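Here is the structure we will look at.
What follows draws every value from the coordinates through simple rules; no lab data is involved. Not measured: the values here are computed from a predicted model. Cβ coordinates were reconstructed from backbone atoms using ideal geometry, including for glycine residues, and neighbour counts include every protein chain displayed.
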Amino acid sequence: MNSVIKPNEWWAIQKFGKIRLKNPATISTGYRKKMEFVCECGNSKFIIVRDVTSGKTSSCGKCNEMSPEWWHTKTFGKLRLKQPKILSLGSSKKEVWICECGKNKPIIVKDVTNGKTTSCNNCHSMPPDWWAYRRFGRLRIKFPKQLHQGSRKKEIFVCVCGNEKRHVVYTVTSGLSRSCGHCSRKISEWYLKNRKTLATLKTPIPAGSIPLGGPIQLETVHRVDRPFLAICPHCGDKYRPRFSSIKSGKSLTCGCSAGMISRPSTEIHQFIVLNGFESELEYELSGYKYDVCVKPCKTLIEFQGSRYHSSAKQKERDQKKKALAEIYGYELIQIDEKLWNKKSTKDEVKINILSILMNRKGMGSGHKCKSEILAKIEELNDLIASGLPEDISTRVNQRVDDLMQKMKTANEDIMSAAISSHHVMCAIKNMKPNEAFGNDPFIYYALGLVGEAGELTGALLRAIRNGDTVEGKKTAVESELADCIIYAVILAYATGIDLVKIVNDKARIVEARARAGYYGGPIH
């Protein structure tokens, strides 16, 4: 820009980026002295006039400076600032950040605020206590210690069957190794030893007649070709074999020793882990199992085998699982067997998976619902109370201990917490969840929501009349606010409204309006 003397009227209306001259005067655009400029953010700064008119400086340089209060409430992925202070979003300084996993790490501020770094990158290094109560398939580490889940070191793992074997840690945590590989040997030896005894058993066969070490028979067998209730001798889970199969050496376990996870599911899980996401096989949600779960992205993946998923019954089940995933706020990815098995389309499927996971990064919580854990504990306690052999009882008790440890850290998001509380209330009233909806769920839950909103209003008015502090007002509305949320979630749950979607849509509208200045000054 050529140096030209401009009158004060020109300077009064002229704006350079985000700044304008605070006290207009008749000066040259190439003036080399500092004058006071005012920025859009409200800050003032003395800047050389020529640097402003030439475009070298277009703001006060402190527009992105945030207060300690702002930093205190803000998280970036898994990170939050350890010592909040006045700091620019684009600062190149290193500050100490606290990760969700509890670890501290110095990271450049702008790398965190622009999304380049979202964690300490050492979240998967777990303490001995974590390893002590964790089982991977049928394996548990023998000597718990501080260890990374993706470690390539070999450690000794103990199998449920009692065998010990050295495995690479990563292959165990990723699901590639789920047993010692010799689990079936024990049950095979048991069968060879007891097959003559099994052949002599005639119907009716009373409960407990099968020799010790094999399937635990829980009911009388009246027909050898009909399934009966039994407990797997390996994992302690209930299953329903046919006695004719047991006599011929089949169905001696529930299938756990052979591994019931399909190879494609394991491949998908391994692909996700290798791309830096935490993944879990055979994830259970409200009684349904999903092939793969990526908790940090609130995403579930189902592999659709053409043979197993083609029946009408299974299609109906798949629809229920899809609806359940949406209710709990999960994205469900269904992968067709034909697309996964073809080399020409497999890469496209992988790219689609990664795209969805990247878009949903940081959306999920890594915990199961407390109500689901409690339900499992109750089921296992009932099983123990029914009377089990000592070796099976010990294993089931160990599983109960594992679940009790999980209870200590279990959290729930808004959706699952509300649905869980609804299920608990239904259980107390001896009702099924769908029975509580009545003929018209809109009447009960919508009017209930209105009523709870009224109670919230009343609680707040009382706090205002009493001259309560901010903390007092917060206490007054907390419980009523929770009731409002529960009624809103259950109303959506009962009527099939996709609450997660409509809330996200509304949030995007609010953000767009805020950026346009609809609520006051524009957001930059």
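What's the long-distance tail for segment 124-181, i.e. % of Cα pairs beyond 19 Å? Cα-Cα pairs in segment 124-181 separated by more than 19 Å: 13 percent. Which pairs, out of Lys321/Lys361; Lys74/Lys116; Lys321/Lys343, put more than 24 Å between their alpha-carbon atoms? Distance filter (> 24 Å) returns Lys321/Lys343. Among 478-490, 78-90, 450-462, 294-306, sorting by the average number of other beta carbon atoms lying within 10 angstrom of each residue, highest first, gives 294-306, 478-490, 78-90, 450-462. Using a/c under 1.5 as the rounded threshold, could you call segment 65-113 rounded, prolate or oblate? The axes a ≥ b ≥ c are square roots of the C-alpha gyration tensor eigenvalues, and prolate needs a/b larger than b/c, oblate otherwise. Oblate shape, in that a/c is at least 1.5 and b/c is the bigger or equal ratio. Max-minus-min Cα coordinates of segment 5-53 on each principal axis give 28, 20, 16 Å, with the largest extent listed first.
Residue exposure proxy: Ser188, Ser92, ordered by other Cβ atoms within 10 angstrom of their Cβ from fewest to most, comes out as Ser92, Ser188. The chymotrypsin sites (Phe, Trp or Tyr not before Pro) of segment 52-86 include none that meets both conditions, a loop assignment by DSSP and at most 10 other Cβ atoms within 10 Å of the site Cβ.
Semi-axes of the equivalent ellipsoid of segment 79-183 are 39, 12, 9 Å, computed as sqrt(5λ) over the eigenvalues of the C-alpha gyration tensor in descending order. How many angstrom separate the Cα center of segment 91-142 from the Cα center of segment 317-346? The two parts, judged by their Cα centres, are 29 Å apart. As a proxy for reagent exposure, ranking Phe243, Phe228 by other Cβ atoms within 10 Å from fewest up yields Phe228, Phe243. Sorted from longest to shortest, the spans of the Cα atoms of segment 183-247 along the three principal axes equal 30, 26, 17 Å. Averaged over residues, the count of other Cβ atoms within 10 Å places the peptides 133-144, 106-117 in the sequence 133-144, 106-117, highest first. Taking amide hydrogens as placed 1.01 Å from N in the peptide plane, the amide H of Gln149 sits under 5 Å from those of Ser125, Met126, each at least 5 positions away in sequence or on another chain.
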